[in-house]
Amino acid sequence: MAQLVELQRHIALDDYEGVAQLSDAVRNLRQEAGRLVPILKDRRVWMVNSARQGGGVAEMLPSLIGLMRDLGVEANWLVMETAEPAFFPLTKRLHNLIHGQGDPNLGPAERELYDRVSRETADAVRGHVSPGDVVIIHDPQPMGAGAILRQTAEVAAIWQCHIGFDRDTPETQAAWAFLAAYAAPYDRAVFTAAEYIPACLAGRATIIPPAIDPLSHKNRDLPIHKLVGILVDAALVPPFGPVLTSPFPEPAQRLQRDGSWAPASQPDDIGLLFRPIVAQVSRWDRLKGFLPLMEGFVALKRSLEDGDGQPTRHRRAVELCRLVLAGPDPASIADDPEAREVLAEIGNAYGRLDPPLQEAIAILSLPMRSQKHNALMVNALQRCSDVVAQNSLREGFGLTATEAMWKRVAVMGSSAAGLRQQIRPGLDGWLIEDPEDTAEIARALGELLGDPHRREALARRAQQRVHDDFLVFTQVRRWLEVITEAAGARSR
Ligand code: UDP
């Protein structure tokens, strides 16, 4: 099955051009598009992925498609669906293997399942496409379907892989051995970093780094009253006084000490508006490194017991500081079957902490029913943070870091390849060498919390870096180049 997604809100290119900081980038994009878009006359572009929401791909597609449409490209979005319960666990395994993790034994049963769902998906997508169209397939889930379409419909096909690992291991080899057959028919592949390109796609791959939309609900500026309104409406802070807007139908939920969930302002105010805040917002995935981050934070708090004579202001910052670990409500993401399990693991570790440490940590499940509300909650949480952490064990790119950098928040990332691509250590963020080294995490958090000038310097350069390299306008321009090239090559 494949669902056609209607785009909800669309910001016009003119709106972006009206923002002083963005106008040059928009003008450059228009100029390039004037040359490239006519090549796509009478062709449509189809983006195919496996999730309507949750995660980086679903995050990027609406802006990418919206801007392409504004430039005159007929772009659409299809989300694959399957009633086969074992399919997404299998593709999650492939995802983890590409990141170098998990059991590399993939046999005929896995192949049969993957092929069967790929055929079904290809049949469903075929009903939408016409000869000459360009199909862009995202990640391993619909990759097999795209390969079949390339062979059976007269379309150009591009595969974009949003994940990758900069090392060759038995696990990555198993994943690519499984996927190589599906890679073969594609006209082109797109990766987010050169280190991720596997041998089976060498010579056919282009690099397009991910990007953020600066006017989306996730990233747009939030004037102070709007910010406070969102926090109150989402129950992320208790209402200190009357606010203009009504509460969100589904507030953010916070894990309570007894293991139950309640609106996030219970049992007490997290302190988002008053305390130093360290936050990580990610999918509930083991590779995001939530657990070692929590342990590092606990080690930092425990270091207070040493009374090691740190300057008072530093000490006070560590005393007051709170850690927020936030992610999407696991019930809401169809293609991420591990989320519930991972959140339970984090909850169990939290349950074993002493009450004062539990008080200092808020584990939040953010409802996803309204994407707008979810995006605004993430936006507000990132803006309330003194440090945004992305302690990933593996990271294809890490839009959460980009989002925080754009908001001029200091970022503490791990040295996972995707984060290294964005953060130049000491320049526009802090990089942890080993995301499982809790002492290193504690040290880094302590130094960042204790030094507001350093945070500000890192954050300022981080925003500039995103402005120069990771905004959606560059991404659209690169895509137009790849699409027109693939379409031209296919028709020759
Ligand atoms: N995200 C979200 N709501 C949540 C948690 C995460 O919208 O509750 C978003 C987050 O803001 C980011 C994306 O999901 O835009 C995650 O992308 P990233 O590249 O960091 O990692 P991925 O999930 O693709 O591995």
| remark: At 37 °C and 0.692 mPa s, the Stokes-Einstein diffusion coefficient in µm²/s for the chain, with hydrodynamic radius from the Kirkwood sum on alpha carbon pairs, is 141 µm²/s
| Backbone HN-Hα couplings from phi across the stretch 104-109 [Karplus 6.51/-1.76/1.60, Hz, Gly and Pro as x] | x, 7, 10, x, x, 5
| field | Selection from I207, A235, P108 lying farthest towards where the dipole of the chain points positive, charges on Cβ | value | I207
| request: Treat every Asp and Glu Cβ in the stretch 1-109 as -1 and every Lys and Arg Cβ as +1, leave all other atoms uncharged, and give the resulting dipole magnitude about the Cα centre to the nearest 20 debye. | output: 200 debye
| task | Sort the stretch 205-247 into rounded, prolate or oblate with this rule: let a ≥ b ≥ c be the square roots of the eigenvalues of the Cα gyration tensor; rounded if a/c is under 1.5, and if a/c is not under 1.5, prolate when a/b is larger than b/c, oblate otherwise. | result | prolate
| request: Search the structure for amide H atoms under 5 Å from the amide H of A410, placed 1.01 Å from N in the peptide plane, and list their residues when 5 or more places away or on another chain. | output: V388
| message | Applying a 10 Å radius around every beta-carbon, put 174-181, 387-394, 196-203, 279-286 in order of their mean neighbour count, most first. | response | 387-394, 279-286, 174-181, 196-203
| message | With unit charges on the beta carbons (Lys and Arg positive, Asp and Glu negative) and the dipole taken about the Cα centre of the chain, which residue among L320, A174, Q358 sits farthest to the positive side? | response | L320
| remark: In terms of the charge dipole of the chain, which places +1 on Lys and Arg and -1 on Asp and Glu at the beta carbon, the residue among H99, T245, I11 farthest towards the positive end is I11
| request: Please report the relative contact order for the stretch 1-67, taking Cα pairs under 8 Å with a sequence separation of at least 6, and give it as a percent rounded to a whole number. | output: 39 percent
| request: Could you tell me the number of lysine pairs in the chain with C-alpha atoms less than 15 Å from each other, where the two lysines are 8 or more residues apart or belong to different chains? | output: 5
| query | Can you give the convex hull volume per residue for the Cα atoms of the stretch 124-240, as a whole number of Å³? | reply | 180 Å³
| task | Please turn the phi angles of the stretch 195-211 into ³J(HN,Hα) values with the Karplus equation 6.51 cos²θ - 1.76 cosθ + 1.60 (θ = phi - 60°), one per residue in order, whole Hz, x for glycine and proline. | result | 5, 8, 6, x, 4, 5, 10, 4, x, 10, 10, 10, 9, 10, x, x, 7
| Check R44: other-chain or 5+ apart residues with amide H under 5 Å from its amide H, H built from backbone geometry? | D133, V134
| message | Could you give each residue of the stretch 38-44 its phi-based ³J(HN,Hα) in whole Hz, using Karplus coefficients 6.51, -1.76, 1.60 with θ = phi - 60°, and x for Gly or Pro? | response | x, 5, 9, 3, 6, 10, 10
| Rounded if a/c under 1.5, otherwise prolate or oblate - the stretch 230-319, Cα gyration tensor axes | oblate
| If you average 1/r over all unlike Cα pairs in the stretch 89-140 and invert the result, what Kirkwood radius do you get in angstrom? | 12.9 Å
| Any idea what the dipole of the chain comes to, in debye rounded to 20, about its Cα centre with Lys/Arg Cβ at +1 and Asp/Glu Cβ at -1? | 1000 debye
| field | DSSP bridge pairs, the chain: antiparallel proportion in percent, nearest 5 | value | 15 percent
| task | Could you line up I230, I432 from fewest to most neighbouring Cβ atoms inside 10 Å? | result | I230, I432
| request: Count charges around R286 for me, please; just the other residues with Cβ under 15 Å from its Cβ, Lys/Arg as +1, Asp/Glu as -1. | output: -4
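Any read-out appearing in this document is the output of simple, stated calculations on the displayed coordinates, not a laboratory observation. Here the structure is a predicted model, which means the values were calculated and not measured. All Cβ positions, even for glycine, are placed from backbone atoms using ideal geometry, and neighbour counts span all protein chains on display.
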